[in-house]
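Structure, as structure tokens:
The values are calculated or read from the model by the stated rules, or taken from the named source; none is laboratory data. For clarity, every value in this text was computed on a predicted model and none was experimentally measured. Cβ coordinates were reconstructed from backbone atoms using ideal geometry, including for glycine residues, and neighbour counts include every protein chain displayed.
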Amino acid sequence: MERFKFVVIRYARFFGASPLRMTKPIMEHTNTLTPHWYAVHTRSRHEFYVYEKLKLKGVEAFLPAVERLRKWKDRKKLIEFPLFPGYIFVHIAKDSQSMLSVLKVKGVVRLLCTIPGEPAPIPDEQIASLQRLVQNKEALDPYPYLNEGQRVRIIKGPLIGVEGILVEKLDKHILVLSVDVLRQGVALTITASDVEKI
């Protein structure tokens with residue numbers, strides 16, 4: 001038990017909590033073996049490095065990236081950029097060993113928490129929808145997080161089943177897929193007839 005307390009205090013700063021103000025352990029002992037998706041905050045421009053290191057450790061990770069055309073004086077090249085700069089996602093169990101294996105990777109800052117000391121799981125549906133969007137290679141743009149809006153599901157085409165929030169912008173309908181923990185989202189232009197209200 002003493003070793004657990006030491007680990008909690010030692011790594012509390014990674015979870016964004018002060019060890020002096022903690023009233024309960026970081027890890028709950030219930031449902032610790034069921035893996036969940038968590039957002040990991042990385043150092044600036046370390047997303048791909050952290051992703052590769054996590055894969056080498058055998059940790060399931062997801063780094064949503066988009067290709068952008070970069071122009072230099074003498075050439076043009078497609079370069080991959082993180083869709084959410086400074087963040088990647090990991091699929092791990094909520095136990096101290098799994099959490100510490102992620103936190104010990106060089107370039108990792110912390111796991112995102114909504115409550116200090118309690119890493120916030122991301123719903124599987126949000127990650128699955130985001131994975132489908134990235135795999136389909138549609139034109140994606142980062143989009144501000146939305147609290148309000150109509151939730152819709154795509155009913156036609158290769159992205160059938162993807163859910164998000166429908167907004168209207170400059171006579172175009174845009175599907176916004178929000179990731180609640182990050183308070184960010186991605187936007188995809190879509191025909192309004194291709195979606196249904198949830």
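What is the residue count in segment 86-104 for residues that are closer than 18 Å to Arg45 by Cα and not in a strand (DSSP E or B)? Looking only at that region, the number is 4. Please verify whether segment 72-85 includes one or more residues that are crowded, with 18+ Cβ neighbours inside 10 Å, at pLDDT 90 or above, in a strand (DSSP E or B) and not assigned by TED's automatic domain parsing to the domain that holds Lys137. There is at least one residue in segment 72-85 that is crowded, with 18+ Cβ neighbours inside 10 Å, at pLDDT 90 or above, in a strand (DSSP E or B) and not assigned by TED's automatic domain parsing to the domain that holds Lys137.
The set of residues in segment 35-71 being assigned to a strand (DSSP E or B) and either over 12 Å from the mean Cα position of the chain (by Cα) or more than 22 Å from Arg183 (Cα to Cα) (or both) consists of Pro35, Glu60, Val66, Glu67, Arg68, Leu69, Arg70, Lys71. Of note, Asn147 satisfies the criterion of being among the polar types (S, T, N, Q) and at pLDDT below 80. Return yes when Ala39 is within 27 Å of Ala187 (Cα to Cα) and in contact with a Phe, Trp or Tyr (Cβ under 6 Å, 6 or more places away or on another chain) and no when it is not. Yes; evaluated as a whole, the condition is true for this residue.
Filtered by the rule that a residue be surrounded by 14 or more Cβ atoms within 10 Å (Cβ to Cβ) and among the hydrophobic types (A, V, I, L, M, F, W, C), segment 101-127 gives Val102, Leu103, Val105, Val108, Val109, Leu111, Leu112, Cys113, Ala120, Ile122, Ile127.
Considering segment 47-71 alone, what residues qualify as being of a type outside the set (A, V, I, L, M, F, W, C) and modelled with pLDDT under 90? Within segment 47-71, Glu67, Arg68, Arg70, Lys71 meet the criteria.
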